[in-house]
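The values are calculated or read from the model by the stated rules, or taken from the named source; none is laboratory data. These numbers were taken from a predicted model, which means no experiment stands behind them. Neighbour counts run over all protein chains shown; Cβ positions are idealised from the backbone, glycine included. Side chains are part of the model used for accessible areas, which takes the heavy atoms of the whole protein and leaves out ligands, DNA and RNA. Shrake-Rupley method; radii C 1.70, N 1.55, O 1.52, S 1.80 Å.
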Amino acid sequence: MEQQAILAIAIFLIVYGLIISEKIHRTIAAVLGGALMILFGIVDQGTALHHIDFNTLGLLIGMMIIVNITAETGLFKYMAVWSAKKAGGRPIRILVYLSVITAVGSAFLDNVTTVLLMVPVTYSITRQLRVDPIPYMIAIIISSNTGGTATMIGDPPNIMIGSRVPELTFMSFIQNLTPIVILIMAVILPLLVLMFRKRIKTTPELMRQVTEMDEKLMITDRKLLVKSLTVLILTIAGFFLHQLVHLESATVALTGAFLLLLMTGEKIMERTISQVEWTTIFFFIGLFVLVSGLVETGVIALLAEKALEWTGGNVTAASMLILWLSGIASAFVDNIPFVATMIPLIQDMGHGGISNLEPLWWSLSLGACLGGNGTLIGASANLVTAGLSAKEGHPIRFMEYLKYGFPLMILSIALASVYVFLRYLI
């Protein structure tokens, strides 16, 4: 392996170690790591900029602006009280309800958008019940990544696969992936309840107070609510249609955000833009540049290529290897560059003797999407939730998340393995 590749791996591992140890803030570690990739000449500045996924950043910034303005209307408090009342104020039942809503929302919205909408709702509930919010945050992360796997628009890997493989339509994603996602959620939800049931207890008095609250009193600005909901509905419709009209999701989100700012005025604009999670945005920038060093030196391509060589053209072995490799890799590096590397390699396997590539595509999708649950930096939704939670004064620790997320990720990949084998490989 050439010197630059070894240096890129060393920088990546050191930065990852700093993120795990939490000795310094993960944003500082990631941006300095990205800067080192450029300073040591592993990538030049132009190449580093090319690797930054501005579609992800634009989507995040646009939706953060819309959600921050919408929060000022009291809508999220309304939703929190309404759902808590439906659950009878019981913390465990609320955890299940919020997890299901998050999973369904993530299937039809981008999962980052879903967590941006769900986290404020969840914090409103946990404050009322005076329970630990961290179990709810972990459940939201896991549900968003799992639910996002179900459709072509739910998670970036699926969007990439769907756009590069024309025979995989919007409906084929639903027909092939939704059944296993429903099964995984059915297995994971009882486990989440089992893991957290002792951490989210409250008093009968607080439960009773929640059920007696009037959710209508939570709405504080009806005019702003109408404007916010109008723009939010238009933006969500844009996400459904963005591939048909050939617009990126970032364009849709930023257009919606600045349309809402136009409707609300300059005073709200300054406050709202200052509330954007800039630490999360810069963490993403650092992470994209950090991973660009591994991509440009051929480390990721070499890993994928060698792994596919070992299968010897056997479709069953190739499917299982792609599923587990993409699952484990996506827990530790951003799944977008990994999937971008794997797509041409799988296409090459079609020329190399494997006639039926369909099991390989579904294995890549399941591995890359579900693998994001493995660690706190495995997927965009994880980082956004962690950023919002830290802002509320409840930081999610890397090792604490790993304790819950990684075993559930392994279980999800194992269930997906059985599903892929039984449905496509027998």
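Descriptive notes on the structure:
- Of V226, M342, C369, farthest towards positive along the dipole that unit charges on Lys, Arg, Asp, Glu beta carbons give the chain: V226
- Measuring with a 1.4 angstrom probe and ignoring ligands and nucleic acids, R164 comes out at about 110 Å² accessible.
- Distance between region 365-386 and region 198-217 - C-alpha centres, whole angstrom: 31 Å
- q = 0.11, 0.18, 0.20 Å⁻¹, region 126-257: log10 I(q)/I(0) [Debye, one scatterer per Cα]: -0.66, -1.11, -1.13
- In a simple Cβ point-charge model (Lys, Arg +1; Asp, Glu -1; nothing else charged), the chain has a dipole of about 1780 debye relative to its Cα centre.
- For region 245-302: rounded, prolate or oblate by the Cα gyration tensor [a/c cutoff 1.5]: oblate
- In terms of packing, defined here as the mean over residues of other Cβ atoms within 10 angstrom, the peptides 12-20, 151-159 line up highest first as 151-159, 12-20.
- Rounded if a/c under 1.5, otherwise prolate or oblate - region 24-71, Cα gyration tensor axes: oblate
- A Förster distance of 30 Å, applied to the separation of the beta-carbon atoms of L247 and T279, puts the FRET efficiency at 0.60.
- Ranked from largest to smallest solvent-accessible area, with a 1.4 Å probe on the protein heavy atoms, E305, E212 come out as E212, E305.
- The separation of region 244-313 from region 129-182, counted between C-alpha centres, amounts to 17 Å.
- Electrostatic dipole magnitude of region 98-241 [Cβ: Lys, Arg +1; Asp, Glu -1; Cα centre; debye, to 20]: 380 debye
- Applying 0.36 nm per residue to the separation of K216 and W82 and subtracting their alpha-carbon distance, the gain on full extension is 47.3 nm.
- Net charge of the neighbourhood of T385, taken over other residues with C-beta under 14 Å away and scored Lys/Arg +1, Asp/Glu -1, is -1.
- At full extension, H50 and R127 could sit 23.5 nm farther apart than now, given 0.36 nm per residue minus the alpha carbon distance.
- The residues of the chain expose on average 42 square angstrom of accessible surface per residue, using a 1.4 Å probe on protein heavy atoms.
- Computed lengthening from A237 to S21, 0.36 nm per intervening residue step minus Cα-Cα distance: 73.6 nm
- Efficiency of FRET from Cβ geometry, E205 and S163, R₀ 45 Å, rounded to 0.05: 0.25
- Theoretical ellipticity at 222 nm over the chain - DSSP helices of four or more residues, -39500 (n - 2.57) apiece, nearest 500: -25500 deg cm²/dmol
- Each peptide in 61-67, 220-226 was scored by the mean count of other Cβ atoms within 10 Å over its residues; highest first, the order is 61-67, 220-226.
- Percent carbon-and-sulfur accessible area, the chain, ignoring ligands, DNA and RNA, probe 1.4 Å: 66 percent
- Relative contact order (percent, whole number), region 187-321, Cα cutoff 8 Å, 6+ residue spacing: 13 percent
- Dividing the mean sequence gap of close Cα pairs (under 8 Å, 6+ apart) by how many residues the chain holds gives a relative contact order of 24 percent.
- Inter-site label distance for L259 and V100 at 7 Å from Cα along Cβ, in nm: 3.2 nm
- The value of relative contact order for region 57-197, using C-alpha pairs under 8 Å at least six residues apart, is 24 percent.
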